Amino acid sequence: MSAVPQQPTAAAHPRGAVAVEVEGVSRVFGGRSAPVVALEDVDLRVAAGEFVSLIGPSGCGKSTLLRLVADLDEPTSGTVRVFGSSAREARLARDYGIAFQQAGLLPWRTVRANVELPLALAGAGRAGRRERADELLALVGLTEFADHHPDQLSGGMQQRVAIARALADSPSLLLMDEPFGALDEMTREHLQAQLLRICAETRAAVVFVTHSIPEAVFLSDRVVVMSPRPGRIRHVVDVTLDRSGAVAPGPGRHDDVGDDLRTDAAFVAAVAAVREALHGGTVARGADPR
Ligand SMILES: Nc1ncnc2c1ncn2[C@@H]1O[C@H](COP(=O)(O)OP(=O)(O)OP(=O)(O)O)[C@@H](O)[C@H]1O
């Protein structure tokens with residue numbers, strides 16, 4: 001049985017659809033006397049089912065860009081579209097799931113009730129919500145904490161609850177801002193492999209912010225490298241890897257999936273290409289300055 005069943009959302013956004021379209025977007029914070037140009041003239045398209053990571057130095061505008069897509073902020077100029085709709089319409093239609101650095105859990109709800117929330121909003125029945133939440137809590141290794149409250153969990157555990165919640169409604173788009181940032185290396189690699197499996201099953205598009213070059217390469221079809229402020233897209237590195245052996249076999253399985261991929265010559269070369277692009281070298285091989 002598939003751990004993450006196909007949801008109608010996948011059919012709602014046919015293959016070839018554009019999940020995210022950012023055009024000429026700038027975001028300036030602050031007043032006229034001391035403006036902070038966080039993003040300048042950013043263009044980015046993410047196809048349905050595509051996994052795109054944003055990487056760049058601290059303060060280059062990665063989170064700002066993700067927040068604009070999530071309709072948590074508005075661009076100063078330019079447009080953001082999600083599956084052809086405005087970011088606001090997409091938010092209201094719950095077209096995406098969010099897992100951000102700050103877990104953003106509701107402190108008065110149990111862990112399970114937090115994971116169930118998107119399903120409750122979608123009108124899912126009680127038994128189905130519970131089954132799905134328990135499945136996802138097993139996936140992120142938190143089954144025994146289902147009845148705890150968020151303040152009884154470590155920061156990394158809270159992040160894992162937020163990831164489970166983001167996946168609950170099998171959204172066609174996942175917006176993830178350093179979701180694995182507070183996790184130990186083993187848990188992080190395990191969840192990376194699980195995320196690959198989930199994306200393969202649901203064909204969700206993902207926009208993923210990370211500071212880790214190997215993580216970006218492991219997960220992504222394309223790695224978008226941003227420049228220091230004002231944030232612009234410096235390079236886009238296409239990553240072509242055979243990930244079939246890196247996809248986790250199922251929830252709760254802690255096999256050493258991905259180890260072969262992480263030592264593969266193509267993986268090492270892609271890591272080097274992103275590193276070179278990040279450090280301002282010449283345009284990396286395979287880069288596509290879209
Ligand atoms: N609400 C805000 N008001 C004023 N300035 C802001 C606001 N949000 C972000 N900024 C500024 O915009 C710039 C980009 O911030 P952002 O958080 O997007 O960077 P980032 O690349 O995600 O950084 P990090 O990797 O450190 O998380 C920074 O200079 C930041 O100080």
Subject >> Hull volume in cubic angstrom per residue (convex hull over the Cα atoms of the chain) >> reply: 132 Å³
Subject >> Within the chain, percent of DSSP bridges classed antiparallel, to nearest 5 >> reply: 55 percent
Subject >> Euclidean distance of C-alpha centroids, segment 187-235 and segment 157-184, integer Å >> reply: 13 Å
Subject >> Two-site label geometry, A122 and R32: point separation in nm, points 7 Å out along Cα→Cβ >> reply: 4.8 nm
Original post:
Along the charge dipole of the chain, Cβ charges K/R +1 and D/E -1, which of F29, A47, C199 sits furthest on the positive end?
Top reply: F29
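Every read-out reported here was derived from the displayed coordinates using simple, explicitly stated rules and does not represent laboratory data. Keep in mind it's a predicted model, so treat the numbers as computed, not measured. Here Cβ is always computed from backbone atoms with ideal geometry, including for glycine, and neighbour counts include all displayed protein chains.
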